[in-house]
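Q: Here it is, the structure, as structure tokens.
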Amino acid sequence: MVTTFKVAVLGAQGVGKSAIVRQFLYNEFSEARAPTKTRRVYLPAVVMNGHVHDLQIMDFPPITSFPVNTLQEWADACCRGLRSVHAYILVYDICCFDSFEYIKTIRQQILETRVIGTTETPIIIVGNKRDLQRGRVIPRWNVSNLVKKTWKCGYIECSAKYNWHVLLLFSELLKSLGCARCKH
Ligand code: GDP
Ligand code: MG
């Protein structure tokens, strides 16, 4: 049986969504990349933990201008395929308080717009730009507590720039998708 897991990468502008995806897929990083204006879809076959997994990674532009406040735009995004995803990666920048507020709103809207039967769609929260630790504005334990204990979501900090924990993120993602074979 061939299953393609659809994964949506969401978050505010500039948090490093595209950088994470490109680092994961192509091992490349650029300081100066143009903002993503339209949704980009990647269809990699990923070899992880000795197994091949077909993924459809959707790198979304910000759903609306910041802050997220129009449900209509969210609904439009749903029509473009968000509702059928198997997992969400919500990215914020550890140096930008507003970007965490942004994913709080997105998460809320995901919960509100979930169709029946998709309540188990995993959400992984990602704090990116870990290399800029000195500029961190949100304490790690604060977010980690909220995310793991209250939201019951996975939480990973990574640096797309230095390829730190990017692989771990996707390996955790596959685990949360229930790939039993990835669990050891
Ligand atoms: P997106 O709008 O969320 O897709 O963000 P981009 O991937 O386009 O990245 C926005 C900016 O942040 C770019 O200048 C990247 O080079 C930079 N960036 C992304 N990830 C990191 C990271 O882990 N560390 C640092 N220092 N910069 C990063
Ligand atoms: Mg982008």
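Derivation of every value follows stated rules applied to the coordinates shown; laboratory data play no part. Quick caveat, the model's predicted, so the values are computed rather than measured. With ideal geometry, Cβ positions are generated from the backbone for all residues, glycine too; neighbour counts draw on all protein chains shown.
Q: Where does each of 90-96, 133-139, 163-169 land if you order them by average Cβ count within 10 Å, highest first? It would help to have the intermediate numbers written out before the result.
A: Numbers: 90-96: 24.1, 133-139: 12.1, 163-169: 17.1.
The packing order, highest mean first, is 90-96, 163-169, 133-139.
Q: What are the ³J(HN,Hα) couplings of the range 94-99, residue after residue, when phi is run through the Karplus curve with 6.51, -1.76, 1.60 and θ = phi - 60°? Round to Hz, x for glycine and proline.
A: Here the 3J(HN,Hα) series is 5, 9, 10, 4, 4, 5 Hz.
Q: Then there's this: Tell me which residues come under 5 Å, amide H to amide H, from Asp93 once H is placed; ignore anything under 5 positions away on its chain.
A: Placed amide hydrogens put Ser99, Phe100, Asn128 under 5 Å from Asp93.
Q: Sum up the charges of everything whose Cβ sits under 14 Å from the Cβ of Tyr162, counting Lys and Arg as +1 and Asp and Glu as -1, but leave Tyr162 out.
A: On the way: positive: Arg22, Lys129, Arg130, Lys161; negative: Glu28, Glu31, Asp131, Glu157.
Local net charge: 0.
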